[in-house]
Amino acid sequence: LVLLTIPKGRAVDALAEKVTRLLGRIHILRKPEESLAKFKHTMEDYRSALIQLLRQPRHAVILLLLSFAEAFAYFAMPVALYHAFGLQGTSNVMVLTLHVLLFLASAFLPLPGAAGASESGFCIFMAGVYPQGDIAAAMMCWRFFGYYMLLLMGFASMVLGGVHSHRDHGGKTS
C-alpha cells in the first residue's frame, strides 16, 4: 500500500475515502472525517519519506542490507543461545523453526511487545529443547537480546541523534 502511494497516490486516497465513508455509514467508525484525515496525513508522511529515500539509492541499499542483517541476527540468536548453553541433541533447524513459530504466534497477540505472551510462548515452545533447570534463564537471555537490548539501542541512537541534530543546528531546537 505504501509503495502504491507514489505512482497511485490519488487512487489510494480515493479508495481510502470510499472505505472510510462506508465504515462511517455502518457505524464502525465514529468520526470518519477525522479518521480519513489521520490516514491521509500518515500516508503523506510515508510518501515523502519514501520519495526522499528513493532520491538516495545508496542509503536505500544500506537500509535494506541493515534490515536483512537485523532479521538474520534476530532469527539466528536462539540457535546461538542454544549453543551458548552448551546444549546438543536438537538440530539448528528445529530450534530455528520453533523460534519462527513462536514469532508468528506472538505476532497475533495485540499486546505491547507481546508482553508475557512471548515469554510464556518461549517456555512452551522450547520446553523440549532446554532442560527444565535452564529454560527460565534461556528465556530471560532470549528476551533481553531479542527485545530489551533493541529498545536500549534505539534509545541510545535517539539520544545520540538528538545530540548530533542539536549540534548541527547550532544548539537551536526546531
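A few remarks follow.
Yes/no per residue for (1) surrounded by fewer than 14 Cβ atoms within 10 Å (Cβ to Cβ); (2) modelled with pLDDT of 90 or more; (3) part of a helix (DSSP H, G or I):
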{"site": "Pro7", "(1), (2), (3)": "yes, no, no"}
{"site": "His27", "(1), (2), (3)": "yes, no, no"}
{"site": "His41", "(1), (2), (3)": "yes, no, yes"}
{"site": "Leu65", "(1), (2), (3)": "yes, yes, yes"}
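- A single member of Val100, Val93 is in a helix (DSSP H, G or I), β-branched (Val, Ile, Thr), out of contact with any Cys (no Cβ under 8 Å at 6 or more places or on another chain) and surrounded by fewer than 11 Cβ atoms within 10 Å (Cβ to Cβ), and it is Val93.
- Matching residues, the stretch 77-90, being part of a loop (DSSP other than H, G, I, E, B) and not aliphatic (A, V, I, L, M): Phe85, Gly86, Gln88, Gly89, Thr90
- Filter result for Leu36 (part of a helix (DSSP H, G or I), more than 27 Å from Leu151 (Cα to Cα) and open to solvent by less than 50 Å² (accessible area, probe 1.4 Å)): yes
Conditions tested, residue by residue: (1) touching a Leu at 6+ places or on another chain (Cβ under 8 Å); (2) closer than 13 Å to Arg143 by Cβ.
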{"site": "Gln88", "(1), (2)": "no, no"}
{"site": "Asn92", "(1), (2)": "no, no"}
{"site": "Leu96", "(1), (2)": "no, no"}
{"site": "His99", "(1), (2)": "no, yes"}
{"site": "Gly121", "(1), (2)": "yes, yes"}
{"site": "Val129", "(1), (2)": "yes, no"}
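- Scope the stretch 103-148; condition within 13 Å of Tyr82 (Cα to Cα) and assigned to a loop (DSSP other than H, G, I, E, B); matching residues: Met126, Ala127, Gly128, Val129, Tyr130, Pro131, Asp134
The values are calculated or read from the model by the stated rules, or taken from the named source; none is laboratory data. Worth saying up front: this structure is predicted, and the values here are computed from it rather than measured. Cβ atoms come from the backbone with ideal geometry, glycine included; neighbour counts cover every protein chain shown. When the accessible area is computed, the model is the full protein with side chains, heavy atoms only, and any ligands, DNA or RNA have been set aside. Shrake-Rupley method; radii C 1.70, N 1.55, O 1.52, S 1.80 Å.
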